[in-house]
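Have a look at the structure below before the remarks.
Any read-out appearing in this document is the output of simple, stated calculations on the displayed coordinates, not a laboratory observation. Since this is a predicted model, take the numbers as computed values, not measurements. Virtual Cβ from ideal backbone geometry, glycine too; neighbours counted across all protein chains shown.
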Amino acid sequence: MLVTKDTRDNLLELSKKKVYLEGNILKVIQANPSDKEFQEYLNVCIDKDSTARRKRLEVTKQVQNQNRELIKSQEDNQHLMDDLKIALEEAEGAKSEAVIAKKEAEKLRDDAVEDLDTLQKKAQFELIGVIVKVALVIILGVGFITTLLYAIALFSGMDTTLLGNAWTNMFGILLTNSFSIIGTIMGVKYATENKN
C-alpha cells in the first residue's frame, strides 16, 4: 500500500521527533521505488519495531520466568507450612506424652517411697520385737538365777539377811530397767511414725 505525499511528509516529520511507526502496518506500507528517503524511514521503523518486539519478548519471558519461580516458591512455602503444622502437631503429642510420663513417674516415685517407708517400719518393728525378747530373756534369766541362789541360801540354813536385801534390790532394778526399755522402744516407735 502506498501512502500519500502528505502522509509521507507527516511521518518523516514525526521521525525527527523520534516517533516511528510500529506493528503490522509496516508489513503493508510500501515506499515508492524512487523515494529513497521514505524507504530509509521504513527500514528504520522495521528495525526499531523488531528491536522493540525483541525487548518486549524478553520482558515477557522474564516475567513468565519470575512467575514460575514465584509459583514454585509459593508451593515450597506451602510444603514448609504443611511440614511445620505436622511438626507442631507431633510436638503437641510429644508434650502430652511427656506430661503423662511425668505423672506416671511421680506415681511410681510415690509408690516407691511408700514401699520403702513400709519396709522401714517393718524392719523397725522386727528390731523392736527382737530387743524386747532379748530384754525379757535377760530379765527373766537374772530373776530366775537370783531367786535360785536365794532359795538355795534359805534351804541351806545360811544367813539370808544380806542376800534378801540384794534379791529385793535386784528385782527392783530389773523391773525398773524393763519398764525403761519398753518405754524407750515405745518412744522411738512414736517418734518415727509418719504424721500426715
Can you list the lysines whose alpha carbon sits under 20 Å from that of Lys103, skipping same-chain ones fewer than 8 residues off? Lys95
Would you list, by chain and number, the aspartates and glutamates whose Cα falls below 19 Å from the Cα of Lys107, excluding same-chain residues fewer than 8 positions away? Glu97, Asp115, Asp117
In a Gaussian network model of the chain with springs linking alpha carbons closer than 10 Å, the residue among Gly129, Gly93, Gly157 that fluctuates most is Gly157
Find how many whole Å separate the alpha carbon centroid of the stretch 1-49 from the alpha carbon centroid of the stretch 96-124. 100 Å
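Listed here are the pairs Lys27/Lys55; Lys18/Lys61; Lys27/Lys48; Lys18/Lys48; Lys102/Lys122; which of them are more than 18 Å apart at the Cα? Please list the in-between numbers first.
Details: Lys27/Lys55 20 Å; Lys18/Lys61 27 Å; Lys27/Lys48 14 Å; Lys18/Lys48 11 Å; Lys102/Lys122 30 Å.
Check vs 18 Å cut-off fails for Lys27/Lys55; Lys18/Lys61; Lys102/Lys122.
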For the stretch 36-183, report the % of Cα-Cα distances exceeding 26 Å. 73 percent
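Just order 109-115, 178-184 by mean Cβ neighbour count inside 10 Å, highest at the front, would you? Don't jump to the answer; show the numbers that get you there.
Values: 109-115: 10.1, 178-184: 13.1.
Going from most to least packed, we get 178-184, 109-115.
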Label point 7 Å out from Asn77 along Cα-to-Cβ: which residues of the stretch 49-69 have amide N under 20 Å? 63-69
If I model a spin label at Leu175 and Thr51 as a point 7 Å from the Cα along the Cα→Cβ vector, what separation in nanometres do I get? 13.6 nm
Determine the dipole magnitude for the stretch 113-192: charges of +1 sit on the beta-carbon of Lys and Arg, -1 on that of Asp and Glu, nothing else is charged, the reference point is the Cα centre, and the result goes in debye to the nearest 20. 80 debye
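Once you keep just the Cα pairs under 8 angstrom separated by 6 or more residues, what percentage relative contact order results for the stretch 5-99? If you can, show how the numbers build up before the last one.
Numbers: 24 pairs, mean separation 18.2, N = 95.
Once normalised by length, the contact order is 19 percent.
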Among Phe171, Ile25, Met81, the residue whose Cα sits farthest towards the positive end of the charge dipole of the chain (+1 at Cβ of Lys and Arg, -1 at Cβ of Asp and Glu, taken about the Cα centre) is Ile25
Residues listed by number, the stretch 36-55, amide nitrogen under 11 Å from Glu22 label point at 7 Å toward C-beta: 48-55
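Could you give the length gained on full extension between Thr118 and Glu37, defined as 0.36 nm per residue of separation minus the Cα-Cα distance, in nm?
Working: separation 81, 0.36 × 81 = 29.16 nm, distance 11.86 nm.
Roughly 17.3 nm would be gained on extension.
Below 8 Å, C-alpha to C-alpha, sequence gap of six or more: please give me the relative contact order for the chain in percent. Each step should come with its number before you reach the end.
Numbers: 56 pairs, mean separation 24.4, N = 196.
With pairs under 8 Å counted, the relative contact order is 12 percent.
Given only helices, namely DSSP H runs of n ≥ 4 each adding -39500 (n - 2.57), what is the per-residue ellipticity at 222 nm of the chain, to the nearest 500 deg cm²/dmol? Mind showing how you got there, number by number?
Numbers: 4 runs with 169 residues, N = 196.
Here the helix-only value at 222 nm equals -32000 deg cm²/dmol.
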